[in-house]
Amino acid sequence: VDPAASIRALFPAHYLHKFLAEGIRPDARAFGESRRTACTAGIISSADGSASVQVGNTSVVAGVQLSAFTPPILGSAAGRLVVVFDMGQSGSSNGAGRPEDQALAISDFVTRTLRQTRVLDEDELIIKQGAAAWSVTLTITCLNCDGNILDAVLLVAVAALRDTKIPAVELADSGVVVECDKPAKPLTVKAFPVCLTLALFE
């Protein structure tokens, strides 16, 4: 058993006060020092777009899959964005609450942020007006959670979308979307929202 982990779990305020008195964080960073961040795009060859991000010891990976769908007759003809987040084997992000509840909350956070900041132009996802459009499924998996999870997932989400290529397709007479012999084009990403997590202690 790690004594430091036991003290942190049993006496969290006392644990943090010791580091505050010494002017450092528990992971030896200075108060004004952020976690080291790294981002790599194009890591999943089978995906239409992908990226990995590491913020300190927190590690997440994202993949984008494009699929054609028929828009509803009475609804919008534009494409759609679907965000799925999986805590993986890392458990909850702060030790509180069920992992599945936190995963749903994080999915909602990413979806809401991407839509409110208009990261994607959903009209660009139209293949043929009223007949076919692209559904963009963004799947994010947490490989290790050690703080700043929202910062990491939003960064990897945008990075994976920026890496996404839309294949050239056409709508056959049968209504089936088929790829044609033209180069794919990058998905237009119109904004790059960034999440910065802050904490207030006493």
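Can you tell me the length gained on complete extension of the stretch Thr188 to Ala131, counting 0.36 nm per residue apart and subtracting the Cα distance?
Net length gain for the segment: 18.4 nm.
Between Arg25 and Ser6, how many nm apart are label points set 7 Å from Cα along the C-beta direction?
2.7
Answer with a single label: of (i) 18.4; (ii) 16.9; (iii) 19.0, which was calculated as Kirkwood radius over Cα pairs in Å from the structure in view?
Recomputing Kirkwood radius over Cα pairs in Å here picks out (iii).
Normalised by the residues of segment 43-126, what does the relative contact order come to in percent, with Cα pairs under 8 Å and at least six apart?
On the way: 70 pairs, mean separation 19.9, N = 84.
The value is 24 percent.
Subtract the Cα-Cα distance of Glu100 and Ala199 from 0.36 nm times their separation in residues, and report this length gain in nm to one decimal.
Extra length from Glu100 to Ala199 when fully extended: 33.3 nm.
Given the rule -39500 (n - 2.57) for each run of at least 4 DSSP H residues, summed and divided by the residues of the chain, what is its mean residue ellipticity at 222 nm, to the nearest 500 deg cm²/dmol?
Numbers: 4 runs with 51 residues, N = 202.
Value at 222 nm, helices only, nearest 500: -8000 deg cm²/dmol.
What lysines does Lys185 reach when the alpha-carbon gap must be under 26 Å and sequence neighbours fewer than 8 apart in one chain are set aside?
Cross-link targets: Lys128, Lys165.
No value in this document is a laboratory result; all are computed from the given coordinates. The structure presented is a predicted model; accordingly, all values stated were derived computationally and were not measured. Neighbour counts run over all protein chains shown; Cβ positions are idealised from the backbone, glycine included.
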